[in-house]
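Supplied in structure tokens, the structure appears directly below.
Please treat every number below as a calculation from the coordinates, not as lab data. In this text, all values refer to a predicted model and were calculated from it rather than measured experimentally. Methodologically, a virtual Cβ is constructed for each residue, glycine included, from the backbone with ideal geometry; neighbour enumeration extends over all protein chains shown.
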Amino acid sequence: MGTSPIGVVTGATDIGYKTVADRGLGATSMTLTGASEISLGDILNQPGLAANQMMANAQSNMVPMAISAITLNAGAKIFRRVMRQPFNKANALIRPLALGVRL
């Protein structure tokens, strides 16, 4: 959905079909335009096209998102185990101050 959360709100409302003429063959066809970045205006003006494009984007990004979620979770667990002793030492220094803060 756009390049950033701000891009979703401020992005152009440009999703739709455009007629493309092939003069050599004498034929015309319809192509989808503005679907690379979905904005709030696209969702409100063309909800069907926007929903289809969001589903296509979700399907194409499903594997990278799953890999990111798994590696983030594993990294967080490893980080907590590695940093347990330094955090305990820091907490021992902070505890006498009675700030109610813990790392």
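Note down the nm distance, to one decimal, between modelled labels 7 Å out along Cα→Cβ at ALA90 and at ILE78.
2.0 nm
May I ask you to work out the translational diffusion coefficient for the chain at 20 °C, viscosity 1.002 mPa s, via Stokes-Einstein with Rh from the Kirkwood sum over Cα pairs, reported in whole µm²/s?
117 µm²/s
Turning to a different aspect of this structure: Which order do the peptides 35-42, 96-103, 67-74 come out in when sorted by mean C-beta neighbours inside 10 angstrom, highest first?
Put in order of decreasing packing, that is 35-42, 67-74, 96-103.
Something else now. When only C-alpha pairs under 8 Å and at least 6 residues apart count, what is the relative contact order of the chain, in percent?
It rounds to 20 percent for the chain.
Turning to a different aspect of this structure: Using the alpha-carbon atoms, what tilt in degrees (0 to 90, nearest 10) does helix 47-94 show relative to the longest principal axis of the chain?
Approximately 10 degrees, to the nearest ten.
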